[in-house]
Structures are given as structure tokens and as C-alpha cells.
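One structure below.
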Amino acid sequence: MAKKKQEKSAEAAKPAPIPRLQQRYVKEIVPQLAKQLDCTNRLAVPRIEKIVVSMGVGKAISDKKHMEEAIQAITEITGQKPVRCKARKSVAAFKLRQGQEIGCKVTLRRARMYEFLDRLVSLALPRVRDFRGLKPDAFDGHGNYSLGLSEQLVFPELNPDKYLQVQGMNITICTSTDSNDDARELLRAFGVPFQRDDAAA
């Protein structure tokens, strides 16, 4: 019995494996971008600081179960419990009252951020119907990139029999640079599939 406990505690003490994209950033992307952007200091190379995943759940105004479904979905997708977002003001046209829950969001950092980006690029985006690449100009002028997904089921971890309601989401990737061009090169190095110039035209 004591031996089993020791084995369990030894397993728990093992450090978590470093995500694949994080290793790639340190070993490949930093030297590549340092050379490409002419950065003499490795710390000046752009990096991803956080990823924010949010869902607006307008249907929650009439039925609260839609909010619970969205929270469960975003938890399964990101591995982190979201915070509930409340309406800041009342809008009579939408039957919306101040303080009502109308969405949820998660802010991912460090290992979870890299793991989510890996699954987004390698699994979710290729499953989007008629996907031809992301728009390369959807930056905000401060190096942050936003994209929208029309349905949550592009993530294979969600069971389609469990989530019958189609729910979209917004994903914002925040970088350490204020330059859109530098941020674009950083995301390209991570494998984010942007449209080619000829396809975007």
C-alpha cells in the first residue's frame, strides 16, 4: 500500500511535458525570427502572450441552458473553466437587462495557450467547411489577431451528439509586438494558415 502511494506521489511530482509548439518556438522560431527581423536580443523577438477564446450566447436571454452548454463546450475545448460575461447596459430591442449573462470567455497563457494553438492549427481549422486560409490582414494595428469560427464542433474533442446547438466563437491571439507585419510572421512560423497574396486578392 505504501509502495503504491510512493509511486503515485512520484508520478505527481514529474514535471508536465513541454508543449510541442513551445519547444518549436524556443528551438526554431526564435532564431529564425531574430535573423529575419534583425533582432540582436532574443528577448526582443515577438512572442504570443495570451489567447482569449470567447462565446457570445444571445440565446441565453430566453433559455439559461444555452449558457451552461456553451460553458461546458469551452471548458472541454480549452481545458480551463471560463468566466461568465454580463451585459453592461440594458437594450430594450433585444430584451436585454443590465447584469444578464450573455457570454463566456477564457484567457489562456503558457502551456495551455500553446496546446490550444496547436489543436486549432492542426485539427480544428482543417475541419472548417470550404476553408481556404485565414485573412492575413485581420490584425488590430497592435499586433493582435482575431478570427471567428461559426461552429464549435470543428474541435474533435466535442461530441456532436451532446452539442446539438450550433455555437460560434471568437479567438484573439495577443502578441508582444505592436507591428502587424512582425506578428504575422510570428503566426506564420507557428503554422497559422494564412491565405496567399494571390488567393486573398
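Taken together, the values in this text are just the output of simple stated rules run on the coordinates, not laboratory data. On a predicted model such as this, the values are computed, not experimentally measured, just so you know. Neighbour counts run over all protein chains shown; Cβ positions are idealised from the backbone, glycine included.
Whole-Hz Karplus ³J(HN,Hα) for region 152-163, in order, using 6.51 cos²θ - 1.76 cosθ + 1.60 and θ = phi - 60°, x for Gly and Pro?
Karplus-based 3J(HN,Hα) across region 152-163 equals 7, 6, 5, 8, x, 6, 8, 7, x, 6, 8, 10 Hz.
Near residue 30, within a Cβ-to-Cβ distance under 11 Å, what is the net charge of the other residues, with Lys and Arg +1 and Asp and Glu -1?
Spelling it out: positives minus negatives among the neighbours equals +4.
Please list, in order along region 130-143, the HN-Hα scalar couplings obtained from phi with the Karplus expression 6.51 cos²θ - 1.76 cosθ + 1.60 (θ = phi - 60°), rounded to whole Hz, x for Gly and Pro.
My calculation for region 130-143 gives 6, 6, 10, x, 7, 5, x, 10, 8, 9, 9, x, 10, x Hz in order.
Tabulate in residue order the Karplus-calculated ³J(HN,Hα) for region 36-50, using 6.51 cos²θ - 1.76 cosθ + 1.60 with θ = phi - 60°, rounded to whole Hz; enter x for Gly and Pro.
Result, ordered by residue: 5, 9, 6, 9, 7, 9, 4, 6, 7, 5, x, 9, 7, 9, 6 Hz.
Quick check: the distance between the Cα centres of region 124-164 and region 167-186, to the nearest angstrom?
Centre-to-centre (Cα) distance: 14 Å.
Sorted from fewest to most neighbouring beta carbons within 10 Å, what does the list 83, 45 look like?
The most exposed by this proxy come first: 83, 45.
Which one, 183, 172, 57, projects farthest toward the positive side of the charge dipole computed for region 19-192 from Cβ point charges (K/R +1, D/E -1)?
Positive-end residue among those listed: 57.
Can you pull the one-decimal nm distance between simple spin-label points at residue 49 and residue 76, each 7 Å off the Cα toward Cβ?
3.3 nm
State the extension gain, in nm to one decimal, for the chain segment bounded by residue 39 and residue 98, taking 0.36 nm per residue of separation less the distance between their alpha-carbons.
Value of the extension gain: 16.4 nm.
Please go through the residue pairs 105/135; 65/135; 50/135; 105/162 and name each one whose alpha carbons sit more than 31 Å apart in this structure.
Among 105/135; 65/135; 50/135; 105/162, the Cα-Cα distance tops 31 Å for 65/135.
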